[in-house]
Amino acid sequence: MSRNLKAMIGPSILNSDLSRLYEESQKLLDNGADYLHLDVMDGHFVPNLTFGHPIVKCLRSKIKGAFFETHMMVSKPEQWIVPMADAGVNQYTFHIEPITNVEEVCRKIKESGMKAGVAIKPGTPVTEVEKYINVADMVLIMTVEPGFGGQKFMENQMAKVKYLRENYPLLDIEVDGGVGPATIGCCATAGANMIVSGTAVIGSQDQAATIKLLRDTVQQSIKKQ
Ligand code: DX5
Ligand code: ZN
């Protein structure tokens, strides 16, 4: 029963040459990326700073068709909903840890015309995010501590993915952090279908082949489920 789940690869441009954000992003899309995963950090929720809606808006002005997901590693996710919608974002994925009004934030995201993704850090139990599955479009299980690209994949997070997949066969489940050819197997087996990959794709000599390998691995697991 392979249903409607789709294997999708969303490269993270965090560790690319950000002075060439447009070129790097277009190259990823030309090489088969299904969507772009844009890491927004506020220096507060995570100890790092990246970019915000003005940059996303500029990128959108040059790249019309692609699906943009912003991964909001910020303390006040509610604050950036309208600016990100205005910048042309398709999916607004935010962390539930710093807030208590998750349902309301999801509702506002959808009212702004975007999909809502809910994310948890490695230390947050899966039951905390399970509460919001009925109001969200996707769940992101982080496989590193958010804040930096190039970290080591945390395999112990796969229990969360497995639990969600067993209980929610059609849920879009994304993994993010340390995912590449060496770790895609366990992500796929656990049941993730949306795959964020930064360093492994950006640093690959053959981006198209790497993206295809990631997608094929997930697709094969979906067929078996
Ligand atoms: C980490 C970010 C990730 C990261 C992925 O805080 O959310 O999206 O950039 O990069 P890799 O694949 O290098 O871990
Ligand atoms: Zn991310």
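Read-outs throughout are calculated quantities, based only on the coordinates presented, and are distinct from any laboratory measurement. Everything numeric in this text was worked out from a predicted model, so none of it was measured. Reconstructed Cβ throughout: ideal geometry from the backbone, glycine too, with neighbour counts over all protein chains shown.
Taken as entire DSSP H runs, the helices of the chain that both span 20 Å or more between Cα atoms along their own long axis and average -1.0 or more on the Kyte-Doolittle scale are 207-224. Translational diffusion of the chain was estimated from the Stokes-Einstein equation, with Rh taken as the Kirkwood radius over Cα pairs; at 20 °C and 1.002 mPa s the coefficient is 125 µm²/s.
Label separation (LYS62 vs ASN4): 3.5 nm, computed from points 7 Å beyond Cα along the C-beta direction.
For the range 2-224, give the share of DSSP beta bridges that are antiparallel, in percent and rounded to the nearest 5; count only bridges with both residues there.
5 percent
Within straight-line reach of LYS152, meaning a Cα separation under 29 Å, sit the following lysines at least 8 residues removed in sequence or on another chain: LYS6, LYS27, LYS76, LYS115, LYS121, LYS131, LYS160, LYS162, LYS212, LYS223, LYS224. Build a GNM of the chain with springs between Cα atoms under 10 Å: which of ARG107, ARG20, ARG60 gets the top mean-square fluctuation? Sorting by GNM fluctuation, first place goes to ARG20. In order along the range 83-95, the phi-based Karplus estimate (6.51 cos²θ - 1.76 cosθ + 1.60, θ = phi - 60°) of 3J(HN,Hα) comes to x, 6, 4, 5, 6, x, 6, 8, 9, 10, 9, 10, 7 Hz; Gly and Pro are listed as x.
Each part gets one Cα centre, and for the range 1-79 versus the range 85-128 those centres are 15 Å apart.
More than 19 angstrom separation, counting every C-alpha pair in the range 146-198; what % is that?
That fraction is 21 percent.
On a per residue basis, the convex hull of the C-alpha atoms belonging to the range 115-225 measures out at 98 Å³.
Rounded to the nearest 0.05, the FRET efficiency derived from the C-beta distance between LYS131 and GLN225 at R0 = 35 Å is 0.90. A full extension of the chain between GLU155 and LYS76 corresponds to an added length of 25.6 nm, given 0.36 nm per residue minus the alpha carbon distance.
Relative to the current alpha-carbon distance between ILE99 and LYS212, full extension at 0.36 nm per residue lengthens the span by 37.0 nm. Build a GNM of the chain with springs between Cα atoms under 10 Å apart, and of CYS106, CYS187, CYS58 the one that fluctuates most is CYS58.
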